[in-house]
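Participant: Quick one: this structure, given as structure tokens, is what I'll be asking you about.
Bear in mind these aren't lab numbers, they're just calculated from the coordinates by the rules spelled out. The structure displayed is predicted, hence computed values, not measured ones. Backbone-built Cβ (ideal geometry, glycine too); neighbour counts: all protein chains shown.
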Amino acid sequence: MKVLVCMSVVPDTTTKITFTNNDTTFNAQGVQFIMNPYDELALTKALDIAEPAGGTVTILHVGLADAEPAIRKALSMGATDAVRINANPTDSQFVAEQIAAFVKDKGYDFILTGRESIDYNGGAVCGLLGAMLNIPSINVITQLTVSGGTATVERDIDGGRETVSCSLPFVASAQKDLCEPRIPNMRGIMAARTKPLQVVEPVSGSTHVSYAKFALPQPKQGVRMISADNPEELLHLLRNEAKVI
Amino acid sequence: MSVIVFAETRDQQYKKSTLEAVSYGKEVAQKTGGKVIAVSMGGASDPAILGNYGADEIITLHGAEFATFSPEVYAAGFAAVCKAHGGKTIVISNTYSGKSLAGRVAVLLNAALATNVVDYPDTAAGFRVKRGVFSGKAFAFMDMNSETKVIAITPNSVEIKTYGSNAAVSAQQPADLPSSATRIENTQTVSGKVPLTEAEVVVSAGRGMKGPENWHMVEELATALGAATACSKPVSDMHWRPHSEHVGQTGITIKPNLYIAIGISGAIQHLAGVSSSKVIVVINKDPEAPFFKAADYGIVGDAFDVLPKLIQAAKATAAS
Ligand SMILES: Cc1cc2nc3c(=O)[nH]c(=O)nc-3n(C[C@H](O)[C@H](O)[C@H](O)COP(=O)(O)OP(=O)(O)OC[C@H]3O[C@@H](n4cnc5c(N)ncnc54)[C@H](O)[C@@H]3O)c2cc1C
């Protein structure tokens with residue numbers, strides 16, 4: 001069994017987001033970068049399925065060399081080997097094209113991504129890959145079992161959940177509840193140091209989109225306090241002042 | 001050249017987010033020219049109503065293939081209509097189903113893709129969309145450079161407009177659909193409840209509620225306000241509530257008109273997911289809780305005292 005997991009590298013969740021160069025560039029100064037939390041779930045699930053079957057799990061990242069500590073973390077969680085496609089991950093479509101070009105003739109049984117990358121929140125790579133590789137794509141999965149060439153997944157749908165069965169190969173995106181992320185142990189960390197990390201040069205990609213500038217949300221005007229003894233007042237304000245109920 | 005809107009349904013009815021998507025399509029068509037075609041798949045009880053929200057024409061796609069939702073098949077059927085009718089701007093709701101489709105459709109049409117879009121495009125020079133990024137901590141303005149564009153518009157981002165007009169409905173049966181490699185075995189939906197991602201009012205609670213046995217108060221308030229329920233991460237981690245209610249940086253991002261946070265401290269990861277809410281109410285017994293800084297209205301008080309009174313008042317208002 002051969003499995004591929006795609007990972008992004010994102011600012012730590014406690015990061016206070018700011019921009020530089022006249023609000024055109026994300027300010028990475030002092031920011032700690034981590035493996036995207038949903039990708040940790042994807043990797044953990046892939047390992048849980050592949051390890052008992054004697055299979056391999058390759059972790060793939062499209063990005064520059066500064067992502068290597070995060071890639072080593074994925075290796076220390078248990079990934080067999082890693083691939084880094086050496087390109088600045090400018091947008092979901094560019095990233096998916098790079099992954100699709102790499103995957104094409106490799107014969108993976110299935111591919112997992114995270115539900116979304118928590119930096120640019122595209123949530124798009126799974127569907128893009130599915131169409132580029134002409135295989136089924138299943139978004140936001142909360143359960144996955146694979147046996148005898150068939151996968152059974154549970155996925156979130158709007159206002160509920162659905163159980164879906166699917167033939168291999170396919171691509172699916174990991175949602176919370178899929179599993180608890182693995183924490184690397186000492187042995188994993190030691191082993192990760194010598195695991196193969198292949199650097200692949202990118203293919204030429206599309207430029208469908210480009211980011212022009214960024215903005216922060218408008219700060220709140222200040223909070224209006226209401227007495228705990230008078231919740232009617234709150235409802236009155238919500239109805240007549242804010243007009244939201 | 002036309003604007004083509006994917007008209008998503010639930011139980012054969014158009015969702016509120018669908019009406020928003022159609023209104024969005026109309027607004028774009030007024031800027032870029034061309035007509036608005038809504039495409040309805042899998043059956044809808046009254047397709048013609050979309051005319052009132054801005055559709056000039058409605059195409060319903062029929063066939064056994066569309067009986068259940070499959071991203072491959074739906075994307076293929078939808079993309080074929082887009083091609084046949086010169087669709088240059090394609091509008092889809094940024095829902096779970098919509099997002100499953102958007103990427104596939106963009107590939108099939110060799111189009112630029114923007115998900116998580118929160119406002120009308122700026123077409124003054126080119127085509128610039130505003131997207132939510134960093135899980136609600138910021139916005140990005142992104143240029144869509146290709147001739148064809150696929151836009152997934154976040155529910156509750158734009159107003160529904162009505163035009164009082166009618167639109168012709170035509171039924172089509174697309175040829176050459178791929179057969180689906182996926183099969184839906186079982187669907188469970190929570191009926192009678194507003195889905196969180198599309199709700200206009202959300203009542204949310206955190207660890208301050210002490211335990212799952214106290215959630216009946218949260219539910220009661222939500223019911224009285226016609227709201228969906230949500231929770232903080234630790235609450236779903238401890239399985240007090242299902243993970244699908246977890247909002248925040250590692251949960252879902254929502255933008256209701258009203259978000260009521262009860263016993264939630266307001267950590268940066270939580271705020272990320274809810275700060276786009278139009279109005280935020282915070283109820284917390286700690287006057288120093290960081291959430292008050294992000295709130296419009298606040299009550300300092302014990303949830304166990306405040307909630308029963310609030311529920312009673314909300315029921316009274318609902319009844320009046
Ligand atoms: C990688 C990472 C990702 C994360 N992602 C998310 C995320 O997506 N979403 C999220 O929510 N969190 C997330 N967190 C967790 C976040 O940092 C906070 O720990 C969490 O939001 C706190 O939840 P809480 O407010 O329910 O609980 P607490 O922080 O324990 O706060 C409880 C609040 O309830 C109040 N309270 C207690 N009793 C009462 C009472 N009787 N009446 C009224 N008020 C009362 C207290 O004053 C306190 O403010 C993440 C953390 C990490 C490390």
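Participant: What does the charge count near B:Val39 come to, summing +1 for each Lys or Arg and -1 for each Asp or Glu among other residues with Cβ under 14 Å from its Cβ? Intermediate results must be reported in sequence, preceding the final value.
Facilitator: Numbers: positive: B:Lys35, B:Lys83; negative: B:Glu8, B:Asp56, B:Glu57.
For residues surrounding B:Val39, the net value is -1.
Participant: Now for a separate question. Only Lys, Arg, Asp and Glu count, each charged at its Cβ (+1, +1, -1, -1), so figure out the dipole size of region B:196-319 about its Cα centre, rounded to 20 debye.
Facilitator: Working: 10 positive and 12 negative charges, 28 e Å.
In total the dipole reaches around 140 debye.
Participant: Based on C-alpha coordinates, I'd like the Rg and Dmax of chain B, in Å.
Facilitator: 21.0, 63
Participant: Which values, in whole Å and largest first, are the semi-axes of the equivalent ellipsoid of region A:11-73 obtained as the square root of 5 times each eigenvalue of the Cα gyration tensor? Walk me through the numbers on the way to the answer.
Facilitator: Values: eigenvalues 199, 28, 15 Å².
Over the Cα atoms of region A:11-73, the ellipsoid semi-axes are 32, 12, 9 Å.
Participant: Right, another one. Give me B:Glu27, A:Glu180 sorted ascending by neighbouring Cβ count inside 10 Å, so fewest comes first. Before the final figure, lay out each step's value.
Facilitator: Values: B:Glu27 19, A:Glu180 11.
Ascending number of Cβ neighbours within 10 Å: A:Glu180, B:Glu27.
Participant: What are the semi-axes of the equivalent ellipsoid of the protein assembly as shown, taken as the square roots of 5 times the eigenvalues of the Cα gyration tensor, listed largest first and rounded to whole Å? Mind dumping the intermediate values first?
Facilitator: Numbers: eigenvalues 247, 191, 105 Å².
In descending order, the three semi-axes are 35, 31, 23 Å.
Participant: Report, in degrees rounded to the nearest 10, the 0 to 90 angle that the Cα long axis of helix A:231-240 makes with the longest principal axis of chain A.
Facilitator: 80 degrees
Participant: Same structure, new question: Using the Cα centre as the reference, give the magnitude of the dipole from point charges on the C-beta atoms of the protein assembly as shown (Lys, Arg: +1; Asp, Glu: -1; all else neutral), rounded to the nearest 20 debye.
Facilitator: Result for the protein assembly as shown is approximately 580 debye, rounded to the nearest 20.
Participant: Over the C-alpha atoms of region B:2-172, what are the Rg and the largest Cα-to-Cα span, Dmax, in Å?
Facilitator: Computed over the Cα atoms of region B:2-172, radius of gyration and Dmax are 14.6, 43 Å.
Participant: In deg cm²/dmol and to the nearest 500, what is the mean residue ellipticity at 222 nm of chain B if only DSSP H runs of at least 4 residues count, each as -39500 (n - 2.57), divided by the residue total?
Facilitator: Numbers: 7 runs with 84 residues, N = 320.
When only DSSP H runs of four or more count, the value is -8000 deg cm²/dmol.
Participant: Fewest to most neighbouring Cβ within 10 Å: what's the order for B:His243, A:His208, A:His236? Mind dumping the intermediate values first?
Facilitator: On the way: B:His243 19, A:His208 23, A:His236 14.
Ranking B:His243, A:His208, A:His236 by Cβ neighbours within 10 Å, fewest first, gives A:His236, B:His243, A:His208.
Participant: Skipping prolines and chain starts, which residues have an amide H placed within reach, meaning under 5 Å, of the one on A:Ala174, given they are 5 or more residues away or on another chain?
Facilitator: Result for A:Ala174 returns A:Thr113, A:Gly114, A:Arg115, A:Ile141.
Participant: Related question: Have a look at A:Thr18, A:Ala131, A:Met186 and report the one farthest towards the positive end of the charge dipole of chain A, computed about the Cα centre with Cβ charges (Lys/Arg +1, Asp/Glu -1).
Facilitator: Comparing the listed Cα positions along the dipole, A:Met186 ranks first.
Participant: Which residues does the label zone of B:Gln30 cover in region B:114-148, counting backbone N under 17 Å from a point 7 Å along Cα→Cβ?
Facilitator: Residues B:119-124 fall inside that zone.
Participant: Another question, then. Amide H to amide H under 5 Å from B:Ala138: which residues, 5+ apart in sequence or cross-chain, H placed 1.01 Å off N in plane?
Facilitator: B:Val133
Participant: Using the Cα atoms as the points, what is the convex hull volume per residue of region A:2-215 in Å³? Write out the running numbers ahead of the final one.
Facilitator: Values: hull volume 28.9 nm³, N = 214.
Hull volume normalised by residue count: 135 Å³.
Participant: If I take every Cα pair under 8 Å that is 6 or more residues apart in chain B, average their sequence separation and divide by the length, what percent do I get for the relative contact order?
Facilitator: Working: 718 pairs, mean separation 46.6, N = 320.
Over chain B, the number comes to 15 percent.
Participant: With θ set to phi - 60° and the Karplus curve 6.51 cos²θ - 1.76 cosθ + 1.60, what are the ³J(HN,Hα) couplings of region B:254-263 in order, to the nearest whole Hz, using x for Gly and Pro?
Facilitator: With coefficients 6.51, -1.76 and 1.60, one gets 10, 9, x, 6, 9, 10, 10, 10, 10, x Hz.
Participant: Over 19 Å between C-alpha atoms is what I'm after, so list which of B:Lys31/B:Lys149; B:Lys15/B:Lys255; A:Lys213/B:Lys137; B:Lys26/B:Lys255; A:Lys2/A:Lys104 land there. Please report the intermediate quantities before stating the final value.
Facilitator: Details: B:Lys31/B:Lys149 15 Å; B:Lys15/B:Lys255 17 Å; A:Lys213/B:Lys137 14 Å; B:Lys26/B:Lys255 22 Å; A:Lys2/A:Lys104 13 Å.
Over 19 Å Cα-Cα: B:Lys26/B:Lys255.
Participant: A follow-up question, please. Show me the chymotrypsin sites (Phe, Trp or Tyr not before Pro) within region B:131-188 that DSSP assigns to loop and that have at most 15 other Cβ atoms within 10 Å of their Cβ. Intermediate results must be reported in sequence, preceding the final value.
Facilitator: Values: sites: B:Phe134, B:Phe139, B:Phe141, B:Tyr163; in loops: B:Tyr163.
Of the chymotrypsin sites (Phe, Trp or Tyr not before Pro), the ones in loops of region B:131-188 whose Cβ has at most 15 other Cβ atoms within 10 Å are B:Tyr163.
Participant: Let me ask something else. Just to be sure I understand the rule: take each whole DSSP H helix in chain B, project its Cα atoms onto its long axis, keep it if the span is 18 Å or more and its mean Kyte-Doolittle hydropathy is at least -0.5. Which ones pass? Show your work: numbers first, answer last.
Facilitator: Details: long enough: B:16-32 (24 Å, -0.65); B:71-84 (19 Å, 0.86); B:96-108 (19 Å, 0.58); B:303-319 (23 Å, 0.75).
In chain B, the long hydrophobic H runs are B:71-84, B:96-108, B:303-319.
Participant: Using a Förster distance of 22 angstrom, determine the FRET efficiency expected from the C-beta separation of B:Glu185 and B:Asp11, and round it to 0.05. Don't skip to the end; give the middle numbers.
Facilitator: Details: r = 19 Å, r/R0 = 0.88.
For B:Glu185 and B:Asp11, the calculated efficiency is 0.70.
Participant: Here's another thing I want to ask about it. Helix A:92-103 versus the longest principal axis of chain A: what angle, 0 to 90°, nearest 10, using Cα atoms?
Facilitator: For helix A:92-103, the angle is close to 10 degrees.
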